[in-house]
Number of protein chains: 2
Amino acid sequence: MSSNAPRHIRLTSHPEPQAHRWPLRWGAAGPAERGPVIGSVTRPSDRNVIGTHGGSYSLYRALAVSAGALSPLQRPDLANTHPVTEIGPYPQWTEPGKIVSLDPWGHVTGEAFGQAIGEGIDIRPTIAITRARLNMAELNALVGQGELAPDGQVLHGNGDVSVTKAAIDPVWWLPGIAERFGVAEHDLRRTLFEQTGGMYPELVTRPDLSVFLPPIGGITAYIFGDPRALADRHTRLACRVHDECNGSDVFGSDICTCRPYLIQGIEEGIRAAQGGGVGLVVYNRKEGRALGEVTKFLVYNARKRQEGGDQAATYFERTECVAGVQDARFQQLMPDVLHWLGVTRIHRLISMSNLKYDAMVEQGIEVLERVPIPPDRIPPDAAVEMEAKKAAGYFAPEAPSPADLARTVGRPLESM
Amino acid sequence: MSSNAPRHIRLTSHPEPQAHRWPLRWGAAGPAERGPVIGSVTRPSDRNVIGTHGGSYSLYRALAVSAGALSPLQRPDLANTHPVTEIGPYPQWTEPGKIVSLDPWGHVTGEAFGQAIGEGIDIRPTIAITRARLNMAELNALVGQGELAPDGQVLHGNGDVSVTKAAIDPVWWLPGIAERFGVAEHDLRRTLFEQTGGMYPELVTRPDLSVFLPPIGGITAYIFGDPRALADRHTRLACRVHDECNGSDVFGSDICTCRPYLIQGIEEGIRAAQGGGVGLVVYNRKEGRALGEVTKFLVYNARKRQEGGDQAATYFERTECVAGVQDARFQQLMPDVLHWLGVTRIHRLISMSNLKYDAMVEQGIEVLERVPIPPDRIPPDAAVEMEAKKAAGYFAPEAPSPADLARTVGRPLESM
């Protein structure tokens with residue numbers, strides 16, 4: 001293993017006096033001027049970013065190399081992997097500060113840098129775009145009830161839904177991330193290094209490297225209808241931006257509204273596409289408000305066991321006690337994927353989150369209508385969350401009173 | 001921000017001559033003898049591991065600190081967060097080499113180290129155990145068809161399912177990981193460092209620190225019935241070990257069997273618990289065979305576009321071309337969670353994977369029966385995967401012939 005590595009271990013790198021062969025000019029007008037993101041480890045001298053591809057999965061790749069199952073020199077064969085549809089380029093890709101947490105050219109790597117790749121430079125896509133058919137029990141039920149009608153294009157007679165979907169790995173342009181959060185880049189780099197227990201010293205030793213591939217989960221965008229219509233502000237767009245919640249999204253836990261609201265987003269996306277518009281569901285890997293599932297389950301226990309039971313009135317307090325913060329999702333970076341898709345106006349936003357709405361508006365995306373989840377789709381034990389969020393600024397026809405909040409109490413642990 | 005940090009940045013640490021106050025003795029008989037895993041960054045001098053808590057989510061915690069939303073000194077208030085049920089201790093917890101990728105004492109932190117926590121040592125749980133109610137459309141349909149009958153305990157009249165669930169963050173004991181993979185610890189550490197593009201130099205500078213909290217996704221275990229019965233080899237256990245597939249698990253993509261097989265695992269778990277046995281579903285965050293979703297979508301495109309179409313005969317080849325390896329899930333570490341739960345015998349394994357089966361048997365877990373997915377639950381476009389896997393050693397009544405493999409061709413991209 002590690003047959004490509006020199007025997008000497010370099011603990012961190014430092015800026016080199018000579019100009020790098022592959023400079024990155026973030027925000028440049030085209031992929032060639034911008035330059036390729038090179039995060040692969042097969043030839044370290046080509047690298048122009050901190051971190052590596054695949055986020056967390058680089059650890060598994062390392063295990064594969066350790067076990068002798070993967071050659072450390074292996075470069076991908078990208079034949080036939082190119083996107084099934086064009087996305088952009090859009091003006092947002094080059095407007096300063098619009099996109100700072102993904103590479104807008106991440107899907108056209110093969111086409112833009114084909115020659116360099118042919119010469120042996122290990123340039124990898126950070127975005128992949130494919131097509132799929134979905135079949136979901138809840139949508140089939142809606143068809144059965146006559147709420148959704150197959151049209152043979154978006155929704156098929158057997159309940160299948162045709163979608164275009166994009167998987168997007170994070171690519172952080174550190175000066176832009178710092179600006180979005182209103183902090184100095186130097187401080188951001190230092191805090192990222194320290195708060196992760198010392199991950200990537202290059203965050204502090206390489207101020208000349210401005211791009212970081214963080215080992216966090218990415219984004220998947222599901223598009224219903226024509227992807228190019230997303231950028232046309234006169235085509236009706238129904239959009240849900242959804243943050244991962246494995247317990248509900250996959251297992252149907254009834255303590256929150258996540259899966260029901262996701263289904264509503266898909267349903268509205270299908271309906272928009274059927275009516276000549278377009279639908280978009282963005283899925284962000286930010287489990288448990290980006291605090292992780294261990295913290296989430298600790299908070300569930302603390303909520304259920306507190307004096308007076310699981311009350312809407314103390315909903316956020318419990319998370320803050322355990323995690324020190326109510327929410328770590330930082331919707332400030334969320335609109336980047338919308339900019340990438342060319343979105344400038346959302347006709348129907350399938351979300352009540354004021355944090356998401358505010359982040360979109362702040363980023364210049366117009367939102368015409370906000371669509372709440374209908375009360376009959378809120379699972380029994382999720383009323384606590386819903387009332388607490390409404391009181392905290394969630395979009396709703398009316399905010400609950402303090403008495404409503406005190407009255408809304410969830411199921412105790414014993415009767416789960 | 002970073003108000004707890006000295007002005008001098010320490011790029012990596014090195015072993016110190018004096019004995020550490022919190023030594024870790026992996027495999028010791030009890031939590032006190034073993035010592036607490038201290039991965040928090042609020043007081044660096046107490047740390048006795050490489051990395052930090054929350055896996056990937058430490059990056060979001062860092063953003064929270066950067067943005068001024070979270071104090072870098074914040075310690076969690078763990079009041080009322082303790083597990084809803086006892087798990088263990090079991091003999092497997094102290095048998096050498098049995099558990100190397102999670103902390104078997106990770107859920108009893110509060111109780112085992114309450115005094116130290118009270119004195120201000122920032123010791124955090126790596127496992128949280130709670131109870132939940134699940135409600136899933138597919139299970140409701142099975143109730144409607146008379147395939148599942150509510151009993152009022154496990155499965156309620158309204159279709160709710162009562163479960164105990166545990167979220168588990170990875171805690172790698174590096175000497176044990178190296179042994180499981182048959183490599184020298186020194187080589188493992190170096191490869192982990194190099195293949196991640198230089199993450200955590202302490203992997204090479206701190207051979208005295210044997211525990212690593214890798215920034216990868218964790219595990220969730222869903223238990224149907226009495227969790228303590230998992231350790232009784234005479235109580236019938238139905239178990240599915242499931243690896244994340246967001247496209248199918250959440251969105252119902254029909255290119256694989258993931259969600260249908262997961263539903264079958266839950267259904268069998270409910271049935272086992274109703275019959276006096278116990279059910280277990282283990283969910284591992286290993287998207288796209290632990291290669292990530294970008295790679296997965298690239299492979300989908302390459303499969304669909306190859307000459308002759310998406311054939312079972314070339315199924316694994318396409319992944320290997322793009323990723324360099326067919327699979328990076330490394331089932332060798334998977335049985336750890338079963339050891340933690342005390343499992344020594346699985347009566348019904350709801351999986352056809354020979355890799356999972358082999359890993360369990362290798363680790364001394366007896367598997368009595370393997371339950372395939374019924375043909376009528378295999379989605380239309382998933383036949384390619386199923387036939388290819390059967391040919392590669394997947395458990396099945398009969399393996400497909402080369403002619404069968406060549407005949408099994410999936411839907412082209414144009415008709416998705």
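The values are calculated or read from the model by the stated rules, or taken from the named source; none is laboratory data. Keep in mind that this is a model prediction, so the values were computed, not measured. Methodologically, a virtual Cβ is constructed for each residue, glycine included, from the backbone with ideal geometry; neighbour enumeration extends over all protein chains shown. For the accessible areas, the whole protein counts, side chains as well, though only heavy atoms, and no ligand, DNA or RNA atoms are used. Shrake-Rupley method; radii C 1.70, N 1.55, O 1.52, S 1.80 Å.
Against the numbered list (1) aromatic (Phe, Trp, Tyr); (2) facing another protein chain (nearest Cβ under 8 Å); (3) under 21 Å from residue A:412 (Cβ atoms), residue A:315 comes up short only at (2). Criterion first (under 16 Å from residue A:292 (Cα atoms), facing chain A (nearest Cβ under 7 Å) and either more than 25 Å from the chain's Cα centre (by Cα) or open to solvent by less than 10 Å² (accessible area, probe 1.4 Å) (or both)) does residue B:69 satisfy it? No, not satisfied.
Answer yes if at least one residue in the stretch A:84-102 is without any contact (Cβ under 8 Å) to a residue 60 or more places away in the chain and either of a type in the set (Gly, Ala, Ser) or in contact with a strand residue (DSSP E or B) (Cβ under 7 Å, 6 or more places away or on another chain) (or both), and no otherwise.
In the first step, residues of the stretch A:84-102 are kept if they are without any contact (Cβ under 8 Å) to a residue 60 or more places away in the chain; the result is A:89, A:91.
If we keep only those that are either of a type in the set (Gly, Ala, Ser) or in contact with a strand residue (DSSP E or B) (Cβ under 7 Å, 6 or more places away or on another chain) (or both) too, we end up with none.
No, the stretch A:84-102 contains no residue that is without any contact (Cβ under 8 Å) to a residue 60 or more places away in the chain and either of a type in the set (Gly, Ala, Ser) or in contact with a strand residue (DSSP E or B) (Cβ under 7 Å, 6 or more places away or on another chain) (or both).
Among A:378, A:365, which is the only one that is open to solvent by less than 50 Å² (accessible area, probe 1.4 Å) and in contact (Cβ under 8 Å) with a residue 40 or more places away in the chain?
Working: A:365 fails: in contact (Cβ under 8 Å) with a residue 40 or more places away in the chain.
It is A:378.
Name the residues in the stretch A:106-118 that are touching a residue at least 12 places away in the same chain (Cβ under 8 Å) and either more than 26 Å from residue B:416 (Cβ to Cβ) or away from chain B (no Cβ under 14 Å) (or both), would you?
First, pick out the residues of the stretch A:106-118 that are touching a residue at least 12 places away in the same chain (Cβ under 8 Å): A:106-113, A:116-117.
Of everything in the stretch A:106-118, those that are touching a residue at least 12 places away in the same chain (Cβ under 8 Å) and either more than 26 Å from residue B:416 (Cβ to Cβ) or away from chain B (no Cβ under 14 Å) (or both) turn out to be A:112, A:113, A:116, A:117.
Considering every residue within the stretch A:290-310, establish whether at least one is crowded, with 24+ Cβ neighbours inside 10 Å, out of contact with any helix residue (DSSP H, G or I) (no Cβ under 7 Å at 6 or more places or on another chain) and of a type in the set (Ser, Thr, Tyr). Yes, the conditions are met somewhere in the stretch A:290-310.
Would you tally the residues in the stretch B:395-410 being open to solvent by 40 Å² or more (accessible area, probe 1.4 Å) and in a loop (DSSP other than H, G, I, E, B)?
Total satisfying the criteria: 5.
Every residue, every condition in (1) touching a Pro at 6+ places or on another chain (Cβ under 9 Å); (2) among the hydrophobic types (A, V, I, L, M, F, W, C); (3) assigned to a strand (DSSP E or B), yes or no:
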{"site": "B:68", "(1), (2), (3)": "no, no, no"}
{"site": "B:71", "(1), (2), (3)": "no, no, no"}
{"site": "B:74", "(1), (2), (3)": "no, no, no"}
{"site": "B:85", "(1), (2), (3)": "yes, no, no"}
{"site": "B:100", "(1), (2), (3)": "yes, yes, no"}
{"site": "B:110", "(1), (2), (3)": "yes, no, no"}
{"site": "B:121", "(1), (2), (3)": "yes, yes, no"}
{"site": "B:132", "(1), (2), (3)": "no, yes, yes"}
{"site": "B:146", "(1), (2), (3)": "no, no, no"}
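So, residue B:225, is that one more than 30 Å from residue A:242 (Cα to Cα), touching a residue at least 12 places away in the same chain (Cβ under 8 Å) and open to solvent by 10 Å² or more (accessible area, probe 1.4 Å) or not? Quick ask: steps written out before the conclusion?
Working: more than 30 Å from residue A:242 (Cα to Cα): yes; touching a residue at least 12 places away in the same chain (Cβ under 8 Å): yes; open to solvent by 10 Å² or more (accessible area, probe 1.4 Å): yes.
It is true that residue B:225 is more than 30 Å from residue A:242 (Cα to Cα), touching a residue at least 12 places away in the same chain (Cβ under 8 Å) and open to solvent by 10 Å² or more (accessible area, probe 1.4 Å).
When you look at residue A:121, is it open to solvent by less than 10 Å² (accessible area, probe 1.4 Å), modelled with pLDDT of 95 or more and either touching a helix residue (DSSP H, G or I) at 6+ places or on another chain (Cβ under 7 Å) or more than 12 Å from chain B (Cβ to nearest Cβ) (or both), yes or no? Here the answer is yes, as residue A:121 does meet what is asked.
Test of understanding: among A:228, A:240, A:289, which residue is of a type in the set (Lys, Arg) and farther than 21 Å from residue A:389 by Cβ?
Within the list A:228, A:240, A:289, the selection yields A:228.
When the residues of the stretch B:264-279 are filtered to those that are open to solvent by 10 Å² or more (accessible area, probe 1.4 Å) and of a type in the set (A, V, I, L, M, F, W, C), the one that is nearest to the other protein chains (Cβ to nearest Cβ) is B:273. Comparison of A:342, A:309 shows that the only residue that is away from chain B (no Cβ under 12 Å) and on the phi > 0 side of the Ramachandran plot is A:342. The residues in the stretch B:200-256 that are charged (D, E, K, R), over 21 Å from residue A:55 (Cβ atoms) and more than 7 Å from chain A (Cβ to nearest Cβ) can be counted, and the count is 8. Only residues that are open to solvent by less than 10 Å² (accessible area, probe 1.4 Å) and more than 7 Å from chain A (Cβ to nearest Cβ) were counted in the stretch B:49-65, giving 2. Inside the stretch B:196-226, residues that are under 18 Å from the mean Cα position of the chain (by Cα), not in a strand (DSSP E or B) and not aliphatic (A, V, I, L, M) make up a count of 4. Would you be able to say whether some residue in the stretch A:342-357 is open to solvent by 10 Å² or more (accessible area, probe 1.4 Å), free of Cβ contacts under 8 Å to residues at least 24 places away in the same chain and closer than 25 Å to residue A:384 by Cβ? No, the stretch A:342-357 contains no residue that is open to solvent by 10 Å² or more (accessible area, probe 1.4 Å), free of Cβ contacts under 8 Å to residues at least 24 places away in the same chain and closer than 25 Å to residue A:384 by Cβ.
Taken over the stretch B:164-185, the criterion of being under 30 Å from residue B:263 (Cα atoms) and either at the interface with chain A (Cβ under 8 Å from one of its Cβ atoms) or surrounded by fewer than 20 Cβ atoms within 10 Å (Cβ to Cβ) (or both) is satisfied by B:165, B:166, B:167, B:168, B:169. None of A:254, A:327 is buried (at least 23 other Cβ atoms within 10 Å of the Cβ), touching a helix residue (DSSP H, G or I) at 6+ places or on another chain (Cβ under 7 Å), over 22 Å from residue A:143 (Cα atoms) and acidic (Asp, Glu) except A:254.
Of all the residues in the stretch A:286-306, those that are more than 8 Å from chain B (Cβ to nearest Cβ) and outside any helix (DSSP H, G or I) number 0.
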